[in-house]
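The values are calculated or read from the model by the stated rules, or taken from the named source; none is laboratory data. The model shown is predicted, which means the values in this text are computed figures rather than measured ones. Glycine also receives a Cβ, built like all others from the backbone with ideal geometry; neighbour counts cover every protein chain displayed. Just so you know, the surface numbers come from the protein's heavy atoms only, side chains and all, with ligands and any DNA or RNA stripped out. Shrake-Rupley method; radii C 1.70, N 1.55, O 1.52, S 1.80 Å.
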Amino acid sequence: MKNTFTREHLLFLKIQKRKKILIHVTQVGVLILLLGLWELAAAVGWIDSFIMSSPSRIWNTLKELIVAGTLWKHMGVSLLETLAGFAIGTALGYFVAVILWWNTFLKDVFEPYVVVLNSLPKIALGPIIIIWAGTGKASIITMAVLISVVITTITILNGFIATDKEKALLLRSMGANKLQIFTKLVAPANVPTLMATLKINVGMAWIGSIMGEYLVSKEGLGYLIVYGSQVFRLDLVMTCTIVLCMLAGVMYAIVSILEKIVVKHF
């Protein structure tokens, strides 16, 4: 059956489309303006380009890294560590949230500990993690997991607890067991919460992996940033920072697309 829309609705959709295009154009314009001002400030001496760098110097450094093959190697290492921490932290946090929701006694016992772990600066655990997991990728992935797993547990658990209690009571009155209540009501109702958690964990996983590379790694974008600061190659530091921003942005965009696809089915 062919969909029919009123004239007012079509006009509304047209206005919304124009608004979205205007937002995107403005975003690009703001970025170009900021880069232009940055380059101008470095060219006329308003800022010290050695310390603050400039878009042209960053572009030249980026080309050098690409030609030498250095960028792909270090970028691949950081991306692998981040994706591993992201996946493990999210899956483990979701599992822990299910256990705590399932058993209210365990929730009441361990909830204060989860809150304390969330408030603890994870960088303080760095030396301990290095001793436990060694000085390789395992310790970096562990750092990323520790940062994302607690956030995932708290967010998902709060979503589970906030699920409509009247609907849960209705299912119980119809003879549903706890597994059926979880699979038919709680889990589907919290798909948006899971998607929001995935968005948060994009940043958390990158923070964890780069933090781990600061402490122990001999490869990766975090290592390049530390190396660049040690030898006063600020162009290298800024270049790697921008690459990190781009990778995190792409990863966030993929999660956003996944969210639109998944939410449509729930």
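Rounded, prolate or oblate: which one fits the range 4-96, using the alpha carbon gyration tensor with axes a ≥ b ≥ c (rounded when a/c is under 1.5, else prolate when a/b beats b/c, else oblate)? Kindly include the intermediate steps, with their values, before the conclusion.
Details: a/c = 2.89, a/b = 1.20, b/c = 2.40.
Note, shape of the range 4-96 comes out oblate.
Residue by residue through the range 242-250, which ³J(HN,Hα) values in whole Hz follow from phi under the Karplus form 6.51 cos²θ - 1.76 cosθ + 1.60 (θ = phi - 60°), with glycine and proline marked x?
My calculation for the range 242-250 gives 5, 4, 4, 4, 5, 5, 5, x, 5 Hz in order.
Report the label-to-label distance for Leu83 and Lys199 in nanometres (one decimal), using points 7 Å from each Cα along the Cα→Cβ vector.
Distance between label points: 2.3 nm.
Per residue, how much accessible area does the range 113-204 have with a 1.4 Å probe, in Å²?
Using a 1.4 Å probe on heavy atoms only, each residue of the range 113-204 averages 53 Å².
Cα to Cα, under 23 Å, and not fewer than 8 places away if on the same chain: which lysines meet these conditions relative to Lys178?
Lys107, Lys165, Lys167
Compute the helix-to-body angle for 191-215: its Cα long axis versus the longest principal axis of the chain, expressed 0 to 90° and rounded to tens.
40 degrees
Let a ≥ b ≥ c be the square roots of the eigenvalues of the Cα gyration tensor of the range 64-125; is it rounded (a/c under 1.5), or, if not, prolate (a/b larger than b/c) or oblate?
Note, shape of the range 64-125 comes out oblate.
Quickly rank 221-228, 171-178, 96-103 as a protection proxy: mean count of other C-beta atoms within 10 Å, highest first. List each step's numbers first, then the result.
On the way: 221-228: 21.4, 171-178: 11.5, 96-103: 18.6.
Result, highest mean Cβ count within 10 Å first: 221-228, 96-103, 171-178.
Name the aspartates and glutamates eligible as straight-distance cross-link partners of Lys19: C-alpha to C-alpha under 14 Å, and not fewer than 8 places from it in the same chain.
Result set, ordered by chain and number: empty.
Hand me the trypsin sites (Lys or Arg not before Pro) from the range 1-86 located in a DSSP loop with no more than 15 other Cβ atoms within 10 Å, in residue order please.
Passing sites in the range 1-86 are Lys2.
I need the phi-derived Karplus couplings for the range 59-66: 6.51 cos²θ - 1.76 cosθ + 1.60, θ = phi - 60°, integer Hz, Gly and Pro marked x.
Along the range 59-66, the couplings run 4, 5, 5, 4, 5, 4, 5, 5 Hz.
Would you mind checking Lys63/Lys137; Lys63/Lys264; Lys122/Lys218 for any pair whose Cα atoms are more than 31 angstrom apart?
Lys63/Lys264
How would you order 230-242, 27-39 from highest to lowest mean count of nearby Cβ atoms within 10 Å?
230-242, 27-39
Quick one: what are the phi-derived ³J(HN,Hα) couplings along the range 145-157, Karplus 6.51/-1.76/1.60 with θ = phi - 60°, whole Hz, x for glycine and proline?
5, 4, 6, 8, 5, 5, 4, 4, 4, 5, 5, 5, 4
Compute and list, largest first, the equivalent-ellipsoid semi-axes of the chain from the alpha carbon gyration tensor, each √(5λ) rounded to a whole angstrom.
40, 31, 14
Give, in nm to one decimal, the length gained when the segment between Tyr252 and Leu169 is fully stretched (0.36 nm per residue of separation minus the Cα-Cα distance). Before the final figure, lay out each step's value.
On the way: separation 83, 0.36 × 83 = 29.88 nm, distance 3.68 nm.
Value of the extension gain: 26.2 nm.
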